[in-house]
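Q: Sharing a structure, written as structure tokens. Questions coming.
The values are calculated or read from the model by the stated rules, or taken from the named source; none is laboratory data. This one's a predicted model, so the numbers in the text were calculated from it and none came from an experiment. Cβ sites come from the backbone with ideal geometry, for glycine too, and all protein chains shown count toward neighbours. Each accessible area value is taken on the protein alone, full model and side chains, heavy atoms only, with ligands, DNA and RNA left out. Shrake-Rupley method; radii C 1.70, N 1.55, O 1.52, S 1.80 Å.
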Amino acid sequence: MTAATAVPAAAAPARAEACYDHSVGYETVRSGELHRWPRTGWATTSRYCADINVKANFMTDVRVCFRKTGRCNSWKTAYGSTWIEAATGVLDGTSYILQFSGYSAGLASA
């Protein structure tokens with residue numbers, strides 16, 4: 001596991017492109033009052049991204065919950081067809097889930 005590091009300005013576009021190149025499609029499932037992804041278990045961050053990014057098909061609120069700490073970050077609004085950083089500066093190999101205020105589908109990268 002390596003720490004997320006700042007990327008020099010010249011390398012930032014290449015890293016962001018690599019991050020999005022490794023995105024996965026998601027579709028949430030209801031879990032209590034909220035919806036979550038992945039449907040079971042935990043997702044894990046990769047070496048391609050220092051952030052957890054979400055691109056929803058339509059506007060929804062999303063937050064990231066971390067397995068190790070059991071804590072979630074604050075809610076952020078994901079607007080349809082636009083990438084947002086749901087969490088920043090996340091270590092490689094971190095286990096997490098995404099929680100949504102309602103049903104959501106789109107792309108996620110981490």
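Q: Over the range 22-110, what is the relative contact order in percent, taking alpha-carbon pairs closer than 8 angstrom and at least six residues apart? Don't skip to the end; give the middle numbers.
A: Details: 228 pairs, mean separation 40.6, N = 89.
Relative contact order here is 46 percent.
Q: So what's the net charge close to W75: Lys and Arg +1, Asp and Glu -1, counting the other residues with Cβ under 12 Å from its Cβ? Mind dumping the intermediate values first?
A: On the way: positive: R63, K76; negative: D61.
Every neighbour counted, the sum reads +1.
Q: Between R67 and A18, what length comes free when the chain is fully extended (0.36 nm per residue of separation minus the Cα-Cα distance, one decimal in nm)? Could you put the intermediate results ahead of the total?
A: Numbers: separation 49, 0.36 × 49 = 17.64 nm, distance 2.51 nm.
Between R67 and A18, full extension yields 15.1 nm more.
Q: How long, wide and thick is the range 31-94, going by the Cα atoms along their three principal axes, in whole angstroms, largest first?
A: Result, largest extent first: 28, 28, 20 Å.
Q: Here's a follow-up. In the full protein assembly as shown, how much of L34 is accessible to a 1.4 Å probe, in Å² to the nearest 10?
A: 40
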